[in-house]
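The values are calculated or read from the model by the stated rules, or taken from the named source; none is laboratory data. Values in this document were obtained by computation on a predicted structure and should not be read as measured data. Heavy atoms of the whole protein, side chains included, go into the accessibility calculation; ligands, DNA and RNA do not. Shrake-Rupley method; radii C 1.70, N 1.55, O 1.52, S 1.80 Å.
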Amino acid sequence: MQGIKRKIVYVLLSEAIAIMITAGVLSLLGNSQQTAGVGAVVTSALAMFWNFVWNTLFEWWEARQQQKGRSLRRRVGHAIGFELGLSLLLVPFFVWWLGISWWKALTLDIGMTLFFMVYTFVYNWAFDLVFGLPKSAMPECTSP
């Protein structure tokens, strides 16, 4: 699977799982189910937006690299870049929606980031195993 279809399947599957996890965490932290549910859906929408932008930029960069494939180093860099960008979107949202301080929003985000950093890494690896690598990461074929 390649191109836009790959990106859509990737994002929708990733975020469906993330909504369930985020709603559960926000509920466990004492928020109402409605607040947790809406918070999880908005968080997911922000993550989907960023996910599409980040993966488009990453694959643009990746296609221009001499070394093809997705090494451990490249996967870690991909996950870190994604999570840092997402944090810039989520912390202000948490402050506003949950009515918490910037410090509490930052600590909530750090906790979620640590969890989702591992989740993103594992999810990307599993997605590539199930659906194959995108063209940008495939070794170039040489004809005999």
- Mean separation of Cα pairs under 8 Å and 6+ residues apart, divided by the residue count of the range 52-144: what relative contact order is that in percent? 42 percent
- Task: Just tell me which lysines come within less than 22 Å, Cα to Cα, of LYS7; anything on the same chain fewer than 8 places away is out.
- Result: LYS68, LYS135
- Counting only protein heavy atoms and rolling a 1.4 Å probe, one gets per residue an accessible area for the chain in Å² of 60 Å²
- Query: Considering the values (1) 16.8, 64; (2) 18.2, 60; (3) 16.3, 60, which represents Rg and Dmax of the Cα atoms in Å as calculated for the structure under consideration?
  - Reply: (1)
- Carbon and sulfur: what percent of the chain's accessible surface (1.4 Å probe)? 73 percent
